[in-house]
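Shown next, in structure tokens, is the structure this report addresses.
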Amino acid sequence: MTATAMEPNGVFPSVCSLDCPDQCGLLVHKENGRIVRIEGDPEHPVTQGAICNKVRNMTERIYDKDRLQYPLKRIGPKGSGQFERITWEEAIGTITSRWKQLIAAEGPEAILPYSFYGNMGRIGTEGLGRRFFNRMGASKLIYSICEAAGTEGYGYTMGGSYGTDPEETVHAKLIIMWGINAVSTNMHQVTIAEKARKNGATVVVIDVHRNRTAKWADWFIPVMPGTDAALALGIMHLLFAEQLTDESFMEQFTVGHEQLREHVKSYAPEVVSTITGVPIEDLYKLARMYGTSEAAFIRIGNGPQHHDNGGMTTRAIACLPAVSGQWLKRGGGAIKGNGGYLALNKPALERPDLRAVSGAREVNMNLLGSALTDADGPPISSLYVYNSNPAVVAPSATKVREGLLRGDLFTVVHDLFLTETAAYADIVLPATSAFENTDLYLSYWHHYVHLQQPVAAPYGESKSNSDVFRLLAAGMGYEEEALQDSDDAMIVQALNNPNNPNLAGISLQSLREHGALKADVKPLFPGKLRTPSGRIELYSAAMERKGYPPMPTYIPLVEDGPYPFLFIPTANHNFLNSTFSNNDKHIAMEKTPKLHMNRADAQARGIANGDAIRVWNDRASCELTAAVGDDVLAGVVVSQGLWADEAGGGKALVNALTPDRVADMGRGATFFSGRVQVDKR
Ligand SMILES: Nc1nc2c(c(=O)[nH]1)N[C@H]1C(S)=C(S)[C@@H](COP(=O)(O)OP(=O)(O)OC[C@H]3O[C@@H](n4cnc5c(=O)[nH]c(N)nc54)[C@H](O)[C@@H]3O)O[C@H]1N2
Ligand SMILES: Nc1nc2c(c(=O)[nH]1)N[C@H]1C(S)=C(S)[C@@H](COP(=O)(O)OP(=O)(O)OC[C@H]3O[C@@H](n4cnc5c(=O)[nH]c(N)nc54)[C@H](O)[C@@H]3O)O[C@H]1N2
Ligand code: SF4
Ligand SMILES: [Mo]
């Protein structure tokens, strides 16, 4: 523990650990050894002292009455939540002896780690945990639940997760929020857009829901879910038809613009309007706005990505700035994600070389339910969950829970709370909060790297992810030094990436001095991209080789059953995925789990605003409250938030309804491509 953590009183600089693009600078206030207030750090260059309501109320969560303090073992039936306190020694002993038996009997692939970014600290997520399970030879998790489809799709066009510096977007004159509820999920992009607006910028939102972001925009364009590729291609059609393209940009920096010019002829306004539900005159208006803008910026969110066609759709949207030469205009271009600029030395951090045998079984995290319940193939006999709550966040949740209920599955969950997933565990381990650890944080939106140094002592007997893996490694008898590396040592190893010159000026030492440092990111253009051709690939031979259409193409959603509504279960304002869904203050701010539906659809079913309704398909049924109006198109219903089992009436497990089909690319999730029926209860 550093000196600061021991200091009982004072104000300590910190960084938000949550899976949110903004990665805000924080100031943590302590009195008598307890965190009493969390506010924004006004010195942070991007976030400038403003933070969201969720984190302003986070002290409530840190000292919540239900926060775990001790290891637990299960004493009741799985899922019943009956546990008793045990020591760390017993916990580690039970886990490692069970794993040794399993490895001897079934081999190490019988054990599956399941984790995501509940805490974005890169050492706690990608350090010792990955090393430990590599050394063990465990099954490999594919980290595909968030933005995998779009990342692959954007990559075919742009060569990786590289976009505009968000600080530059204050100079944009047209800002398109495309399938991102930024007011709730990327608030500083909104703050920057507000400044741009004062300088004359127009804000357009393309979404399936008139949400907070749509209400804030100058122009909201509602689209039918899963049709954005057609919309993007329709705009390109008009840009070419009306000579609003930038021929010299395309000549210099792209491949395939001649083929694209021909290809988009089939996306005429009449065709695109029918597919997307966007009126023909609005297609013209949007294309002209985009093609004549002094600098147009597109922020691409999860909306287009969490669909069957999410990869291709994101690729198609990513072609727009190339066609009209926006990348050379200050503030123009696009951001899908900017993680590529801050790439760490992944092999040094994760140590795949510790795996004795390559080619272990891969398990797509979106298919956890099937992986746990499938009779085919060797079973998964043990699951180790950390930084994630799959019983609530993973698709087809009923199947996930059926798997977690298996009497022969040995489950360990490491978390701050007895989550829905932990309720099914055999052993539960208490986790420290991010404020109690050292870790390295990299935004996937802005270009800053942050060091978190502990500002509080561990709560109760809780331990960090790294500390638990050090204990597990010792308990398993693994003697590799890399499994006992300190957090500081791993930060040094991770930052030392010879393939990423952007990080050259950033070291553990300089982060200790400055807290946050901006990576040395050069503008993308003029320059060479990491695509095979080094240019923006409007035509992608790499895609063709993999069996995709080489040109951006609209591919309709997969048929999902005979139900009348497309169901879009998105994030909400006051939770972060399922985090905060169990904290009274955040539940009170969010009130009840609602389903937004169109007035005509509601009337046809005798449903009025505020009615209790049942939302169902052949996967499951949920109970929500109707929010009737004009916020969604007919045939679309939208819910917000991943509600805890106990919150909001207890029947709002929306992921019970979502498909566990895999998207076209990245083995991504298809949360938004399911269909449902809705009845009055
Ligand atoms: N408050 C809050 N902030 C968060 C999170 C949270 O849960 N709560 N989660 C964090 C995480 S992990 C992530 S990945 C990001 C995600 O942040 P966002 O990218 O904003 O993702 P979502 O809120 O899931 O959905 C984005 C929008 O897409 C719309 N949409 C759905 N389908 C379509 C479609 O086919 N076309 C179009 N154009 N729009 C569509 C939805 O209505 C929604 O408004 O936010 C992060 N920040
Ligand atoms: N229907 C629907 N489902 C979705 C989405 C959606 O939009 N709609 N969004 C998807 C997306 S984009 C994402 S990213 C996933 C996110 O899914 P998850 O990554 O599972 O996110 P959370 O629900 O926030 O759960 C994180 C858990 O990690 C725990 N945690 C926090 N810090 C630590 C720590 O330091 N150590 C340990 N061991 N645990 C810690 C928290 O207490 C919490 O229980 O959900 C996906 N699920
Ligand atoms: S959740 Fe996002 S907006 Fe809120 S404090 Fe954290 S990084 Fe900032
Ligand atoms: Mo995410």
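Some values worked out for this structure:
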read-out: Isotropic mean projected area of the C-alpha convex hull, segment 16-89 (nm²); value: 7.6 nm²
read-out: Calculated from backbone phi, Karplus (6.51, -1.76, 1.60) coupling profile of segment 68-84 in Hz, x at Gly/Pro; value: 6, 10, 9, x, 9, 10, 6, 10, x, x, 4, x, 7, x, 9, 9, 9
read-out: Nearby lysines by direct alpha-carbon distance to K463 (threshold 29 angstrom, same-chain neighbours under 8 apart not counted); value: K30, K54, K65, K73, K78, K100, K140, K346, K585
read-out: Order of S248, S466 under a 10 Å beta carbon neighbour criterion, fewest first; value: S248, S466
read-out: Normalised convex hull volume, segment 464-519, alpha-carbon set, Å³ per residue; value: 93 Å³
read-out: Relative exposure of Y63, Y384, Y284, Y441, judged by other C-beta atoms within 10 Å (fewest first); value: Y63, Y284, Y441, Y384
read-out: Low-density loop positions, GluC sites (Glu not before Pro), segment 441-533 - DSSP coil, at most 11 other Cβ in 10 Å; value: E479
read-out: Estimated distance in nm for a label pair at A604 and Q69, the labels positioned 7 Å out from Cα along Cα-to-Cβ; value: 5.6 nm
read-out: FRET efficiency for V271 and E559, using Cβ-Cβ distance with R0 set to 22 Å, rounded to 0.05; value: 0.60
read-out: Net lengthening on full extension, K346/N199 (0.36 nm per residue, minus Cα-Cα); value: 48.8 nm
read-out: Most positive-pole-ward Cα, V205, I86, A473, against dipole of the chain from beta carbon charges; value: V205
read-out: Contour minus Cα-Cα distance for A375 and N53 (0.36 nm per residue); value: 111.4 nm
read-out: Only Lys, Arg (+1) and Asp, Glu (-1) charged, at Cβ; segment 565-680 dipole about Cα centre in debye; value: 120 debye
read-out: Other-chain or far-sequence residues with amide H under 5 Å of A334's (modelled H); value: T164, I298
read-out: Dipole magnitude (debye, nearest 20) for the chain, charges at Cβ of Lys, Arg, Asp, Glu; value: 500 debye
read-out: Of K173/K285; K215/K336; K329/K518; K329/K528; K195/K215, pairs whose Cα-Cα distance is over 20 Å; value: K215/K336; K329/K518
read-out: Cα lying deepest toward the dipole's positive end in the chain, options P550, A647, T625, charges on Cβ; value: T625
read-out: Fraction of antiparallel bridges per DSSP, the chain only, in percent to nearest 5; value: 45 percent
read-out: Burial ordering of V449, V223, fewest other beta-carbon atoms within 10 Å first; value: V223, V449
read-out: Segment 171-177 - phi-based ³J(HN,Hα) in whole Hz, Karplus 6.51/-1.76/1.60, Gly and Pro as x; value: 8, 5, 10, 9, 10, 10, 8
read-out: Within straight-line cross-link reach of K198, aspartates and glutamates at Cα separation under 16 Å, skipping those fewer than 8 residues along the same chain; value: E167, E168, D218, E294
read-out: Segment 79-122 - Debye-derived log10 I(q)/I(0), Cα point model, q = 0.22 Å⁻¹; value: -0.96
read-out: Listed peptides 404-415, 65-76, 174-185 by packing density, highest first (mean Cβ within 10 Å); value: 174-185, 404-415, 65-76
read-out: Using θ = phi - 60° and Karplus 6.51 cos²θ - 1.76 cosθ + 1.60, couplings along segment 414-424 (whole Hz; Gly, Pro as x); value: 10, 7, 7, 9, 7, 5, 4, 5, 4, 4, 9
read-out: Per-pair calculated FRET efficiency, R0 = 22 Å: N9 and R85 via Cβ, rounded to 0.05; value: 0.10
read-out: Rounded Å value of the spacing that divides the Cα centres of segment 1-76 and segment 189-219; value: 30 Å
read-out: Between segment 153-180 and segment 376-428, the alpha-carbon center distance in angstrom; value: 36 Å
read-out: Folded to 0 to 90 degrees: helix 148-158 orientation relative to the chain principal axis, Cα; value: 50 degrees
read-out: Mean-position separation - Cα centroids, segment 255-330 and segment 615-668, in angstrom; value: 28 Å
read-out: Principal semi-axes in Å for the chain [√(5λ), Cα gyration tensor, largest first]; value: 39, 30, 25
read-out: Normalised per residue, the volume of the convex hull around the Cα set of segment 565-680 (Å³); value: 102 Å³
read-out: A542-D353 FRET efficiency (beta carbon distance; Förster radius 22 Å; 0.05 resolution); value: 0.20
read-out: For segment 284-432, the Rg and Dmax computed from alpha carbons only, in angstrom; value: 21.8, 63
read-out: Where labels lie 7 Å past Cα in the beta-carbon direction, separation of K591 and L102 in nm; value: 4.4 nm
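No value in this document is a laboratory result; all are computed from the given coordinates. Keep in mind it's a predicted model, so treat the numbers as computed, not measured. Ideal geometry is used to build each Cβ from the backbone, glycine not excepted, and the neighbour counts take in all protein chains shown.
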